[in-house]
1. Once you've got the Cα coordinates, tell me which of A:98/B:100; A:59/A:128; A:98/B:59; A:142/B:98 are over 20 Å apart.
2. As an exercise, find the ratio Rg/Rh for segment B:10-157 from alpha-carbon atoms, using the Kirkwood inverse-distance average for Rh.
3. Based on DSSP H runs of at least 4 residues, each adding -39500 (n - 2.57), what is the mean residue ellipticity at 222 nm of chain B after dividing by all its residues, to the nearest 500 deg cm²/dmol?
4. Taking the rotation axis that maps chain B onto chain A, which residue of B brings its Cβ closest to that axis, and at what distance in whole Å?
5. Please work out, to two decimal places, the log10 of the ratio I(q)/I(0) at q = 0.07, 0.12, 0.14, 0.15 Å⁻¹ from a Debye calculation in which every Cα of the protein assembly as shown carries one identical scatterer.
6. If you take the beta carbon distance between residue B:117 and residue A:30 as r and set R0 to 45 Å, what does 1/(1 + (r/R0)^6) give as a FRET efficiency, to the nearest 0.05?
7. At residue A:112, with labels set 7 Å past Cα in the Cβ direction, how many nm apart are the copies from this one, shortest first?
8. Build a GNM of chain B with springs between Cα atoms under 10 Å: which of B:135, B:93, B:121 gets the top mean-square fluctuation?
Protein chains: 2
Amino acid sequence: MSAGGGAPAARAVLQQCLRAQLQVQPAGDQSEAQFVQIDRGMVIYICFFNGASEELLQKMVSTLLNVRLCEASSGRLVSVLELPGSILIVPQATLGGKAKGRSMQYHNNISKEDGLRLYSAFVSLCEKEVATASASSSVEVKHGTYGNRQVLQLDTNGPYTHLMDF
Amino acid sequence: MSAGGGAPAARAVLQQCLRAQLQVQPAGDQSEAQFVQIDRGMVIYICFFNGASEELLQKMVSTLLNVRLCEASSGRLVSVLELPGSILIVPQATLGGKAKGRSMQYHNNISKEDGLRLYSAFVSLCEKEVATASASSSVEVKHGTYGNRQVLQLDTNGPYTHLMDF
C-alpha cells in the first residue's frame, strides 16, 4: 500500500450502507433507466492511476474485503465478508482529481481502455472472493458501468467514510 | 495544499447531491431523532489531523466553495457558490484512518477538543462565505454534530466524488 510515500496506483473510498442504488443504464428514447441495488454492505468507489497494473488487483481486493469496517449487530467491527454484506462497486475517476486553481485536473488518471480493463478485472475478483467466502445467497456484488455517469442513492447508518490508496 | 508531499493537516471528500439528509440528534427515550436536510448542492466530509490550525481554515473554505465541481443546467462546471447550491458539512474522522493489518488506526487524527474547535470554526466560515456570496434564500449551510454517528441519506445525479488534502 502506498503509505504516504510515492504516488498511488489506485484509490478507493469506502462507505458503509444500509441500501444503495446505482444507475447502470440511462433512460433512452424507448427504454427506462436501469438500476442495480444492494442492501446492507459497503460501497467501493474506485479509481485507477497511470501505472496501475493487474498485479495490484488481488492485493487491493483482498485488503478492501477483509479490512474491518462493518459494524456487526454485536457492535464489533468485522469485514464486509464476515458481516456478511453486499458490495456495490462504483467507478469514480473523479477521485483522481487534483485542484489547479479553481479547476480539477485528472492528468494522473489511467487511460480509458486500461481503466476499463482493470475495472472489469477488479469486479470479477470481488465476485470471486465473495462467492468463495460466503454461503449466503443474500450477499451480492453489484457494480456500475465504467465511463457512465454514476447516479447513486445511498442510505446509511453512518457512512463511516474511509480512503485507501494502493 | 498538500500536493502529495508532506502529511496533510486536513482532508475533505466532496460529493454532489440532489438531496442529502443527516441525523443531528439520535432518538432518545422521549424524543424522535432530528435531521437536517439540503436539496441541490454539495456534501463536504471533513477530517482534521494533528497539527491543523485555524490559519488553514480560510484557505480550505475558500478552495472548497470555489472549486468548479457542480454541473450547471448549461452543462458547464461551476462552483457551489456560483450554482448556487447548498452545503452539508459532515464531520468524518474516519477519513483519517490508515490500515494496519485488517484494522484501521487513527493515530494522526486531531484530538477531540481541537477537532471540535476547528470543525465549529470551519462551519462558521462556510456560513459566512455563503451568506456573502449568495442573495438566494434557498441556499443553506447545514452540518452534522461533531462526534456523533453520521446517519446520512444521499440522493445524487452522479456523486462525482473528489478528495482534497490540505
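The numbers here are math on the coordinates, done by the rules we state, and not lab data. Being a predicted model, the structure only gives us computed values, none of them experimental. Every residue, glycine among them, receives a Cβ derived from its backbone with ideal geometry; neighbour counts consider all protein chains shown.
1. Distance filter (> 20 Å) returns A:98/B:100; A:142/B:98.
2. 0.98
3. -7000 deg cm²/dmol
4. Value returned for chain B: B:154, 2.
5. Result of the Debye calculation: -0.26, -0.83, -1.17, -1.37.
6. 0.20
7. 5.0
8. B:135
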